[in-house]
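Everything on this sheet refers to the single structure shown next.
The values are calculated or read from the model by the stated rules, or taken from the named source; none is laboratory data. A quick note: this is a predicted structure, and the numbers were derived from the prediction, not measured. Here the Cβ positions follow ideal geometry from the backbone for every residue, glycine too, while neighbour counts run over all protein chains shown. For accessibility, only protein heavy atoms count, side chains too; no ligands or nucleic acids. Shrake-Rupley method; radii C 1.70, N 1.55, O 1.52, S 1.80 Å.
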Amino acid sequence: MARLSLTQRSQLVMGAVAAVAISGAMAIPWFQIRDSSVAQQLQSMRDFSKVWGKNPDISIDQFRFVKGSDAKAAGGDQFLSSAFDEFAASPDIFDRYELQQSGDAFVSRYVRALRGNQAELVTTGQAISLEVPDAAWRKLPLTGVISMQRSADATARLIWQDQIYILIGGGLAWIGMIFAVRLFVVRGYLRAVRRLRDVANRVRAGDLSSRSQLRTGDELEELGTSFNSMVATLNGSQKQLQSMNESLDFKLVQLSEANVGLFESNRLKSEFLANVSHELRTPLNSVIGFAELLAELARKDSDADPKRIRYIEHILKSGRGLLEMINELLDMAKIEAGRMELSVSNSSIIDLLEGICAIMRPQADLKKITLEIHRPDGLPTVETDPGKLQQILYNFVSNAIKFSPEGSCVIVRADVWSVDGAPGLRLAVVDRGPGIPLDMQQTIFEKFRQVDASHTKSHGGTGLGLAICRELSAMLGAKLGIESNSKGSSFWVEMPLDFRAKKLPPLMVDRAG
Ligand code: ADP
């Protein structure tokens with residue numbers, strides 16, 4: 001069932017209430033009319049009986065006398081026999097009236113008690129008094145009754161007429177009441193509610209200048225005033241929000257401008273670093289080359305001052321250290337400037353590992369460290385950039401030798417591995433060094449991070465090696481990680497056999513295209 005509107009509901013309720021109230025009010029005259037007509041009939045019957053008592057010769061409709069003994073068996077006349085019983089049981093009652101209906105006809109029936117010699121007198125045609133009886137009469141024995149019967153069609157018709165008038169009057173009152181309710185509730189209150197609803201709808205549609213103009217001087221006006229102040233508050237907050245939004249937009253523009261500036265200066269810095277490092281490398285290489293030459297000559301010269309050889313070796317060591325640092329800075333600058341390029345080829349991992357060990361062995365020998373390669377037979381070749389992979393492993397082995405105690409062993413392991421469900425390799429460099437505390441195991445892969453600042457002094461280094469390894473491994477589609485405890489560390493790199501450069505999604509989509 002469709003939901004009823006407030007107007008319909010109030011009309012329905014008011015209509016029902018009015019109908020109940022008017023029916024209640026109509027019930028009183030409805031029954032009153034009947035009672036008073038009956039009382040009127042009784043009185044006229046009494047009057048007739050009095051006239052007849054004074055002159056029994058007058059003929060009155062359906063008049064008859066019934067003797068006491070005969071009244072009980074009065075031809076099955078129920079009204080007569082029950083009236084007789086009533087008179088016999090209670091002497092205070094001396095007559096009885098009833099309006100009876102048989103078929104379409106209405107009949108007035110009246111019975112009057114006769115006591116003492118009254119029955120005798122009636123039989124002999126003598127006059128009797130049928131006024132309201134006194135107490136002495138009531139004590140006399142019941143000797144008979146007189147019964148009167150008259151047509152009461154006119155009375156019944158009058159009663160019906162009056163009842164129809166009452167019905168018409170009630171109906172008119174009901175209709176009038178409905179009109180009055182409609183006028184007062186619908187025109188007065190519901191119209192005000194509708195106006196308030198219209199204002200609310202306009203506000204909802206965004207017109208915050210809309211206000212309720214209700215002047216009913218009652219709760220509805222108060223509701224309108226509260227609504228107005230609510231809209232005013234809403235308006236204020238919206239304006240505040242708007243200005244905050246504007247300033248946020250402005251800040252966003254400033255921020256993005258600053259960001260573009262930062263990005264640009266970072267790119268310039270990286271470019272500058274790459275250029276400067278490159279420019280530094282050339283003279284440094286020649287310094288190292290000439291120092292190597294001088295060292296060679298000094299070693300060949302049997303008269304050479306040992307101090308001279310030591311100084312030259314110092315120059316060489318410092319020069320090589322400096323070159324390594326510059327190389328790292330150059331690599332990082334290249335990566336950041338996006339100028340690091342890959343050269344992918346089918347590479348033999350065994351050759352690569354043996355090459356690294358050959359390069360690193362002299363350095364390991366200085367600390368009496370043994371370098372071992374552990375690998376299964378038949379290692380597959382890998383599609384990768386061998387130079388970048390070598391650089392990663394070189395950094396791992398170099399650190400392992402740097403941090404391992406003298407006389408220990410550094411193992412380079414190669415295992416067939418599954419990388420994200422695809423066939424791959426895992427290469428790990430395991431040492432017996434001091435290990436890396438758990439809370440530093442991720443930080444050491446960040447730029448310029450070292451476990452302890454004192455490392456720089458004791459072991460040298462820039463803290464860039466592992467950061468470069470991380471960037472390079474990402475470029476190779478490989479994963480990089482560490483397992484470490486106080487007994488040593490294992491740095492590993494896992495890579496798929498088949499390298500495919502991942503294309504990064506563009507930062508901005510060109511919608512126009
Ligand atoms: P660098 O060696 O130039 O300082 P790295 O990025 O290669 O920079 O290493 C960062 C730091 O991680 C090192 O300074 C050192 O503290 C720690 N580290 C790296 N490898 C090892 C290792 N095998 N054993 C112990 N500590 C290590």
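Before moving on, here are some points about what is shown:
- Calculated from the alpha-carbon coordinates, segment 343-496 shows an Rg and a Dmax of 14.9, 43 Å respectively.
- Separation of segment 77-109 from segment 218-246 is 81 Å, based on Cα centroids.
- Taking the C-alpha atoms only, the angle from helix 219-300 to the longest principal axis of the chain is near 10 degrees.
- Segment 6-160 - convex hull of alpha carbons, volume per residue in Å³: 151 Å³
- Taking every DSSP beta bridge that has both ends in the chain, the antiparallel portion is near 90%.
- Per residue, in Å², the accessible surface of segment 343-496 once ligands and nucleic acids are set aside, probe 1.4 Å: 47 Å²
- Equivalent ellipsoid semi-axes - Cα gyration tensor, the chain, angstrom: 135, 32, 19
- Accessible heavy-atom area order of Lys239, Lys300, Lys139, highest first, probe of 1.4 Å: Lys139, Lys300, Lys239
- Probe 1.4 Å, all protein chains present, accessible-area order of His374, His278, largest first: His278, His374
- For segment 326-349 and segment 23-55, distance of Cα centres in Å: 126 Å
- Centre separation in Å (Cα based) which lies between segment 127-155 and segment 271-321: 161 Å
- Antiparallel DSSP beta bridges within segment 343-496, percent to nearest 5: 85 percent
- Computed over protein heavy atoms with a 1.4 angstrom probe, the accessible surface ordering of Thr233, Thr155, largest first, is Thr233, Thr155.
- Residues listed by number, segment 175-194, amide nitrogen under 17 Å from Ala25 label point at 7 Å toward C-beta: 175-184
- Of the solvent-accessible surface of segment 343-496, computed with a 1.4 Å probe over protein heavy atoms with every protein chain present, carbon and sulfur atoms account for 53 percent.
- Degrees separating the helix 153-181 axis from the principal Cα axis of the chain, which is the longest one: 30 degrees
- Heavy-atom accessible surface of segment 211-340, averaged per residue, reaches 72 Å², computed with a 1.4 Å probe.
- Rounded to 10°, Cα long-axis angle of helix 386-403 versus longest principal axis of the chain: 80 degrees
- Helices in the chain, meaning DSSP H runs of at least 4 residues, each add -39500 (n - 2.57). Divided by all residues, the mean residue ellipticity at 222 nm is -19500 deg cm²/dmol.
- Reduced Cα scattering model of segment 229-317, Debye log10 I(q)/I(0), q = 0.15 Å⁻¹: -0.78
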